[in-house]
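Asks: Submitted below is the structure of interest, expressed as structure tokens.
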Amino acid sequence: MALETRRRAGADDGGLHVLKDAILAPAPGEDRSDAPERTTHATFREPAVWDKPAQPASGDAVADLREAIRGKLAYAIGKTPETARERDWFAATALALRDRIVDACQATDASVPNKRVYYLSLEFLIGRLLSDAMNNLGLVETTRAALQSLGVDLGTVEGAEPDAALGNGGLGRLAACFMESMASIGIPAMGYGIRYDHGLFRQTFEDGWQREAPETWLAEGNPWEFARPDATYTIGFGGHVTMAAVSDGVIRRHWYPAETVLAVAHDVPVVGWKGKTVNTLRLWKAESEAPVELAQFNGGDHVGAVSARMRAEAISRVLYPSDSSTAGQELRLRQEYFFTSASLQDLVRRHVAERGDVRSLHDHAAIQLNDTHPAIAVPELMRILLEDHGLQWEDAWHVTTNTLHYTNHTLLPEALETWPVELMERLLPRHMQIIYLINWMHLEEQGRHGRQGETNFAAHLASVSLIDESQGRRVRMGHLAFHGARRVNGVSALHTDLMRSTVFRDLHALDGDKIVNKTNGITFRRWLHNANPGLTRLAVEAVGSGVLDDPGLLRGLDAFAEDPAFVKRYAAARFSRKQALAEIIAERTGIEVDPSALFDVQIKRIHEYKRQLLNVIETVALYQAIKAEPHKDWTPRVKIFGGKAAPSYSQAKLIIKLALDVAKAVNDDPEVADRLKVVFLPNYSVSLAEAIIPAADLSEQISTAGMEASGTGNMKLALNGALTVGTLDGANIEIRDHVGADNIFIFGLDAAGVQARITETNYAQKAIQASPRLGAALDMIASGRFSPDEPNRFRPLTDDLRHRDQYLLTVDFDDYWRAQRQIDAAWKDQARWWAMAIRNTARMAWFSSDRSMREYAEEIWRVQV
Ligand code: 26W
């Protein structure tokens, strides 16, 4: 913790103070007359610029907050300043700030907006909330001063907050960025998810092998949340369905679940920029109606007496740690239905309380399904409308299909959720009936369009059916969500095109307007303003403080890309963050790295399609090249990896082991010295990303084209001025379009090239034969050079590359090597490098999640912003 927090300490502020003298002095001969709206150095401001100028840290405000924190410490935590630990100071500070949020929060709650957005997501990868809250309330400096007057360092307090890691990777982090942006641009919204007791596992390395330990973010409570026992809903599972004829031959069915679980709301406030809007993230905790069977307990069966409770509570116990292969277990389906049902019951109840009539739900509520995890919302909303509100089928279907919207986040076949019909019938019998009926009508419709005559009508039906009959009968959750949604979106231009042409091709043909693109975004307030205060300060000085409200103003930095004084300060901001990261690396791995080397970063979940292995093999080839010509003028590089592998994903874990074994050999080789270092930082997290991203020179975005739906780390890194080495995949394509082809390093096959090559035979053998460099690197790994204690350890990796290579790593290798050497050369021309970096920062404004949310609001949700 210490180092990550030290960088934020009052005296430090991004490390910029050390360079202040250099920074404040104009470069010799510098002409600043052309600078638009540029303030002079004399106005260089302390304290932090992102504090609203209208809210300076006034003496009164500081004193008020100090007393509030002191009061919370005494009366909510029960500690004195003398006995308080860092964690206690964090809790007291968070509680004091939460009070400030409450007023705005109640104002937001009290108003009845014309339309609300409901974002349903099984994952919210939030990270820490303190700096977000302070920044958006304009209270960074006030809090810093208040704590300082109590003898406490703000950076230390920030570091004591555990990450809320209620997500696996991109999809969960996107949900967190979207929540922040909706609050910041004033969209009335509520997020719905699960309050997992244990978020994503803690990763350690034991002799280079990943080990997983439970994560315990709630061990000392969560000062941000409000438990809402009054918002509790009953969720059913199993049981049977009855049928009763009511009037006029109308048949009504009713579900009698065999088992019920309670969903209890816990609300986390989401403060928007300048505190204007405070939305709510409502997380459900599973509880039992019968916490203990007293008779059983009194009879001596103390464990059996709480078994029902354990079974119920298991639902919100832990986050499933997989992000790419479907877990397939019953508990996962229980989680999905649990949070979807609770959320729909809650929002329908709110709607009826406000508007009186459930039939207008779609006019006042837009529900976004974050991937298929909440796709059971389609039959659940139908069930609520039919059974709880007595609607006719057609009316219920009209409301449902005008309220729901679905975002797809992956086209990888192993990640597309399907559930066995048998399991659905057992766990959710009424929903299965509704799905059958929806499907029956959907398939009937095909016939009515006169398609029966078509030669492959049967194949067409099989392709659009909600039930996959090819490998046992399974419900296709993607098809279900697609069919039940008013709009379906992909997350980058390429990904959306591929949705139309592959997985959803036949469904798309039935309704050409349904699929729309909404390219992902990131919140600049966390990923630029909070994570990189030094660069933010520089941007404010250069283009004015309006850039904090309108990222479009970043474009003004373009004019300074070759301005020596600006470049110097931009580089200084980077350098201070690299020094801080070098300290973190030393502390956590024992490896000493030189902050003046090129920091080459690949941070993301470990997955074969993301091709960390391509990066490791290039590292081995570079190692061999340096050994062969040790006196050549190599560009010094530090390769930095971070990321977790799903616990059951053995190939991914083996890739981590290889990276660590290669790291050991390379780092210990005196002949290589500082020209190449390899680091794998353990336990990658949102907080660690905040430390790595501002320190990165090069961003690795090297997935097999067509496989990464979007990527969002690519945006964070480019915004902070790292140059991208990447394939034409996901949002990389749009990043290239924005930053310009001259300011990015593109290599490898494009998506069409991949599709063509993958059908050829022996492409891997051919590629290896054609590339002696690749062959030699693979031989070295296969020979056991990096695993002398177990020479065949990496055979599963090298054999796979030689015989299958599903992700076309061998095919892209030579072009990747070429791009990397081009990068080496660019680094040597520092003026060119920094011009490119500055142009990246200047041209990334479009990737703000504020832009994404405005697009969703206008084109999907139809809510006023
Ligand atoms: C266990 C089943 C499962 C399957 C897929 C769980 C989670 C998933 C997610 C869809 C995986 C995911 O996080 N996808 C990522 O979503 C990001 C946000 O849109 C994109 O930027 C990434 O490219 C995509 O991989």
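The values are calculated or read from the model by the stated rules, or taken from the named source; none is laboratory data. Predicted model only: the values in this text are computed from it and were never measured. Every residue, glycine as well, gets a Cβ built from its backbone with ideal geometry; the counts of neighbours run over all protein chains shown. The protein model used for the area step is the full one, side chains on, heavy atoms only, and it has no ligands, DNA or RNA in it. Shrake-Rupley method; radii C 1.70, N 1.55, O 1.52, S 1.80 Å.
Asks: So what's the projected area for segment 810-853, the Cα convex hull averaged over all directions, in nm²?
Replies: Details: hull surface 18.6 nm².
Over every viewing direction, the Cα hull of segment 810-853 projects on average to 4.6 nm².
Asks: May I ask you to evaluate 6.51 cos²θ - 1.76 cosθ + 1.60, the Karplus curve with θ = phi - 60°, for each residue of segment 498-514 and list the ³J(HN,Hα) values in order in whole Hz, giving x for glycine and proline?
Replies: Coupling constants for segment 498-514: 5, 4, 5, 9, 10, 3, 10, 4, 6, 5, 4, 5, 7, 8, x, 9, 6 Hz.
Asks: Over the chain, what is the relative contact order in percent, taking alpha-carbon pairs closer than 8 angstrom and at least six residues apart?
Replies: It comes to 13 percent, rounded to a whole number.
Asks: Let me ask you something else. So what are the radius of gyration and Dmax for the Cα set of segment 61-178, in Å?
Replies: Rg, Dmax (Cα atoms, Å): 16.2, 50.
Asks: Modelled label-to-label distance, THR502 and GLU289, 7 Å Cα→beta-carbon offset: nm?
Replies: Rounded to a tenth, the inter-label distance reads 4.6 nm.
Asks: Need one value: the accessible area of MET243 in square angstrom, 1.4 angstrom probe, rounded to the nearest 10.
Replies: Result for MET243: roughly 120 Å² accessible.
Asks: Sticking with this one: Between segment 276-302 and segment 359-400, what is the separation of their alpha carbon centroids in Å?
Replies: 27
Asks: Checking the table LYS639/LYS716; LYS285/LYS514; LYS610/LYS653; LYS627/LYS677 against a 23 Å threshold on Cα-Cα, which pairs fail?
Replies: Values: LYS639/LYS716 18 Å; LYS285/LYS514 34 Å; LYS610/LYS653 14 Å; LYS627/LYS677 14 Å.
Result: LYS285/LYS514 exceed 23 Å.
Asks: Answer rounded, prolate or oblate for segment 491-603, using the Cα gyration tensor with square roots of eigenvalues a ≥ b ≥ c: rounded when a/c is under 1.5, else prolate when a/b is larger than b/c, else oblate. Present the calculation step by step, with values, prior to reporting the outcome.
Replies: On the way: a/c = 3.10, a/b = 1.67, b/c = 1.85.
Oblate shape, in that a/c is at least 1.5 and b/c is the bigger or equal ratio.
Asks: Same structure, new question: Can you tell me the length gained on complete extension of the stretch TYR75 to LYS627, counting 0.36 nm per residue apart and subtracting the Cα distance?
Replies: On the way: separation 552, 0.36 × 552 = 198.72 nm, distance 6.40 nm.
My answer for the length gained is 192.3 nm.
Asks: Given an 8 Å cut-off on Cα distances and at least 6 residues of separation, report the relative contact order of segment 569-661 as a percent. Walk me through the numbers on the way to the answer.
Replies: Numbers: 71 pairs, mean separation 30.8, N = 93.
Rounded, it is 33 percent for segment 569-661.
Asks: Taking a ≥ b ≥ c as the square roots of the Cα gyration tensor eigenvalues, with a/c under 1.5 meaning rounded and otherwise prolate when a/b beats b/c, else oblate, which class fits segment 582-665? Could the numbers behind the result be given before it?
Replies: Values: a/c = 2.18, a/b = 1.42, b/c = 1.53.
Oblate.
Asks: Also: Once the piece of chain linking THR759 and GLU212 is laid out straight, how much longer is it, given 0.36 nm per residue of separation minus the C-alpha distance between them?
Replies: Details: separation 547, 0.36 × 547 = 196.92 nm, distance 3.78 nm.
Roughly 193.1 nm would be gained on extension.
Asks: In square nanometres, what is one fourth of the surface area of the convex hull spanned by the alpha carbons of the chain?
Replies: Numbers: hull surface 160.7 nm².
The orientation-averaged projected area of the Cα hull of the chain comes to 40.2 nm².
Asks: Right, next: With Rg and the Kirkwood Rh both taken from Cα atoms, where does Rg over Rh land for segment 89-246? If you can, show how the numbers build up before the last one.
Replies: Working: Rg = 19.6 Å, Rh = 18.6 Å.
Ratio of gyration radius to Kirkwood radius: 1.06.
Asks: Here is a follow-up. Counting pairs of Cα atoms in segment 282-430, how many percent are more than 17 Å apart?
Replies: Numbers: 7574 of 11026 pairs.
Counting pairs separated by more than 17 Å, the tail of P(r) holds 69 percent.
Asks: If the convex hull of the alpha-carbon atoms of segment 391-506 is projected onto planes in all directions, what is the mean projected area in square nanometres? All intermediate terms of the calculation are to be shown ahead of the outcome.
Replies: Numbers: hull surface 32.7 nm².
Across all orientations, segment 391-506 yields a mean hull projection of 8.2 nm².
Asks: Once phi is turned into ³J(HN,Hα) by the Karplus curve 6.51 cos²θ - 1.76 cosθ + 1.60 with θ = phi - 60°, what whole-Hz value does each residue of segment 810-818 show in order, with x for glycine and proline?
Replies: Here the 3J(HN,Hα) series is 5, 5, 8, 4, 4, 6, 5, 4, 4 Hz.
Asks: Rounded to the nearest 0.05, what FRET efficiency do ALA219 and MET310 give with R0 = 25 Å and r taken as the Cβ-Cβ distance? Could you check? Working shown, then result.
Replies: Values: r = 19 Å, r/R0 = 0.77.
Efficiency for this residue pair is about 0.85.
Asks: Taking only DSSP H segments of four or more residues, each worth -39500 (n - 2.57), what value at 222 nm results for the chain once the sum is divided by all its residues, to the nearest 500 deg cm²/dmol? Don't skip to the end; give the middle numbers.
Replies: Working: 34 runs with 374 residues, N = 865.
The helix contribution divided over the chain gives -13000 deg cm²/dmol.
Asks: Not counting ligands, DNA or RNA, and with a 1.4 Å probe, what is ASP99's accessible surface area in Å² rounded to the nearest 10?
Replies: 70
Asks: Next question, about the same structure. Please say if segment 589-730 is rounded, prolate or oblate, where rounded means a/c under 1.5 for a ≥ b ≥ c the square roots of the C-alpha gyration tensor eigenvalues, and otherwise the choice is prolate for a/b larger than b/c and oblate otherwise?
Replies: Numbers: a/c = 1.56, a/b = 1.36, b/c = 1.14.
Verdict is prolate for segment 589-730.
Asks: Between ASP779 and GLN452, what is 0.36 nm times their sequence separation minus the Cα-Cα distance? Round to one decimal in nm.
Replies: Values: separation 327, 0.36 × 327 = 117.72 nm, distance 5.68 nm.
Taking 0.36 nm per residue and subtracting the Cα distance, the gain is 112.0 nm.
Asks: Rounded to whole Å and ordered largest first, report the semi-axes of the equivalent ellipsoid of segment 730-865 derived from its Cα gyration tensor (root of 5λ).
Replies: Equivalent ellipsoid semi-axes, largest first: 38, 22, 15 Å.
Asks: When the C-alpha atoms of segment 690-762 are aligned to their principal axes, what extent does each axis show, in angstrom, from largest down?
Replies: 44, 23, 18
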